[in-house]
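Taken together, the values in this text are just the output of simple stated rules run on the coordinates, not laboratory data. Every value quoted in this text rests on a predicted model; they were computed, and no experiment measured them. For neighbour counting, all protein chains shown are included, and Cβ atoms are generated from backbone atoms with ideal geometry for every residue, glycine included.
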């Protein structure tokens, strides 16, 4: 079977060489470092994952399905004959990875590029066609409702409808016919260019992540490049020029200049400029980066602090210029904790309550700085404490709203320490791994940074560390949770383990990569897991997210909900009661029912509910235009506000709007119910009463 497998690889590689931009991917056989990496990842999954499961034939089947789905999720390129050919190895991938053999990944990707080249050429031809939009026909939009195409003719028909839909969408925006054709041909061309530049490291990363996903949805393999991006997201700093970039029609375009970076200090590079060449300091020859994949351009631009990078720039205002910029350490302030004080009397009218809003985008932590005991290392809890202290310096607040919407989590340590700013000493979360006793993680720092009324704002995208914080606030009766029906429901703990695993080498730059591995499950102090169920809100507000398939329960191989014994050391702080929650719900529901903006939202939710189970979409222009016009009549908020056009740290912390205003009103009610004779709370850390 192995010789047959090698023969299949050779045949596939010969065809794949057609795609010139991808030829470097398909070296014969595995490289030595790849073989070692594959063996190690397989071994580490079996040894350290919370399931303690073997990679067997059943795991191989899931591994196969995940990888194929990653490569061609919409069933737009492969034929059934391809899947049948690949399927011979559906129960053999376990044997291959145990030997360190990842060749199957490159076979599949080589075939994918061959199919994509044909599809893109056909799509570019179709973009020149005149379609009949009066015809009654539909396109299948749910990939689960599609089978793999059994012939090139069937795939051609699928693509005819896809291109027709692409044209129709632009027609509905009243785009000029010539522009439609030009834009679509560029789009299809860029598909091939960007996918053709995916290198061996990226393919291996995708392949090994598919293997990890056979264990659970949150385990994955990270290449060195992805590991560096992860480090940046945790430390909120990088070494580079300080410019956010995006890929547009083959060009690396400057989306935003980040304050405090080299580009901001220099002042010449502007948003909308296009970077067309990159050279390193002292080099005269520029690397042409037009149509280069964005992550590759970023890799050329980033570098060590105090080194020079040279950029050839096509100016938005016209002309081409060359800039020499000295790389600096750039703090990513837009992803850090921010806070502001809102006077509800000024914003809502009526009663004046000073509300301190703390926005926490993620639970970041500079692990390397913490390990080195570096002064001032980046930490969510430090930044939250700084914001709370700033509230006190401005005269104090009556209420704090901690906004965790769309906060996907982060460092467990930070979730515990942030919780400790609002509760006195005590357990925050319990963790358990197979064969080990339950471990309780506690806030050991006596006293609190803020003792007054607290609202935690969440949605379906609030996960993991966010859920730990929200759960502790609920379980201590420390405050109320407002938002979607529940949070994401991710109740597992991941550890980032270098490959190979080496003690005290966390996120080391000289490793091949790392395995993000689920090693524990966490539990609330009341003994319940957040897994699959999340943290229910005390007061639920209407939300589109509640009507989409968002949450752990929709992910493949998610762990099941479970319970353990509660930690009896957690005592109620008495700031929430059942009667109080009932009153808050009733008042909020009455306001929501009378609010015309919430009425529009509810009508929009009704339309989403009516359409979300659709398997097909009409390709008739009159039908689609009528549907679009009905939507626009209902949603007169299609126009972007000035606030929505702002980016990064310029974006408002808690923008005006009916939803946020209702959150504030719930907070005002909560303050009234807790303390009718309102007094401003101090944020000074209060010693515990022992």
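Can you tell me the orientation of helix 200-213 relative to the chain, as the angle in degrees between its alpha-carbon axis and the longest Cα principal axis, to the nearest 10? With both axes taken from Cα atoms, the answer is about 50 degrees. Distance between the modelled labels on residue 118 and residue 548, one decimal in nanometres: 3.5 nm (7 Å Cα→Cβ projection). Does segment 237-331 classify as rounded, prolate or oblate by the C-alpha gyration tensor (a ≥ b ≥ c root eigenvalues; a/c under 1.5 gives rounded; else a/b over b/c gives prolate, otherwise oblate)? Since a/c stays below 1.5, the shape of segment 237-331 is classed as rounded. The calculated FRET efficiency for the pair residue 440 and residue 608, based on their C-beta separation and a Förster distance of 60 Å, comes to about 0.90. For segment 2-215, what class follows from the C-alpha gyration tensor (a ≥ b ≥ c being the square roots of its eigenvalues): rounded when a/c is under 1.5, otherwise prolate if a/b is larger than b/c, else oblate? Prolate, since a/c reaches 1.5 and a/b exceeds b/c. Spatial offset of segment 250-291 relative to segment 173-206 amounts to 22 Å, using the alpha carbon center of each. Stretching the chain fully between residue 249 and residue 141 yields a gain of 36.4 nm (0.36 nm per residue, less the alpha carbon separation). Take every Cα pair under 8 Å whose residues are at least 6 apart in sequence, average their separation, divide by the length of the chain, and the relative contact order is 13 percent. Between residue 560 and residue 169, residue separation times 0.36 nm minus the direct Cα-Cα distance comes to 136.7 nm. Peptides 383-390, 124-131 ranked from most to least packed by the mean count of surrounding Cβ atoms within 10 Å: 383-390, 124-131.
Applying 0.36 nm per residue to the separation of residue 33 and residue 623 and subtracting their alpha-carbon distance, the gain on full extension is 206.8 nm. From the coordinates of this entry, Rg and Dmax of the Cα atoms in Å is computed, and it appears in [x] 30.6, 98; [y] 37.3, 117; [z] 27.3, 83 under the label [z].
When each of the peptides 605-611, 259-265 is scored by how many other beta carbons lie within 10 Å of its residues on average, the order from highest to lowest is 259-265, 605-611. Relative to the dominant Cα principal axis of the chain, helix 621-634 is inclined by about 20°.
Note on the chain: helix-only mean residue ellipticity at 222 nm, from DSSP H runs of 4+ residues weighted -39500 (n - 2.57) and normalised by residue number, equals -12500 deg cm²/dmol. Taking a ≥ b ≥ c as the square roots of the eigenvalues of the Cα gyration tensor, segment 557-631 is oblate, since a/c reaches 1.5 or more and a/b is not larger than b/c. Mean sequence separation of contacting Cα pairs (under 8 Å, at least six apart), scaled by the length of segment 237-331, corresponds to a relative contact order of 34 percent. Taking the Cα centroid of segment 392-443 and of segment 149-172, what is the distance between the two, rounded to the nearest whole Å? Distance between centres, Cα-based: 50 Å. Cα axis of helix 177-196 to longest principal axis of the chain: angle in degrees, 0 to 90, nearest 10? Helix 177-196 and the main axis of the chain meet at about 90 degrees.
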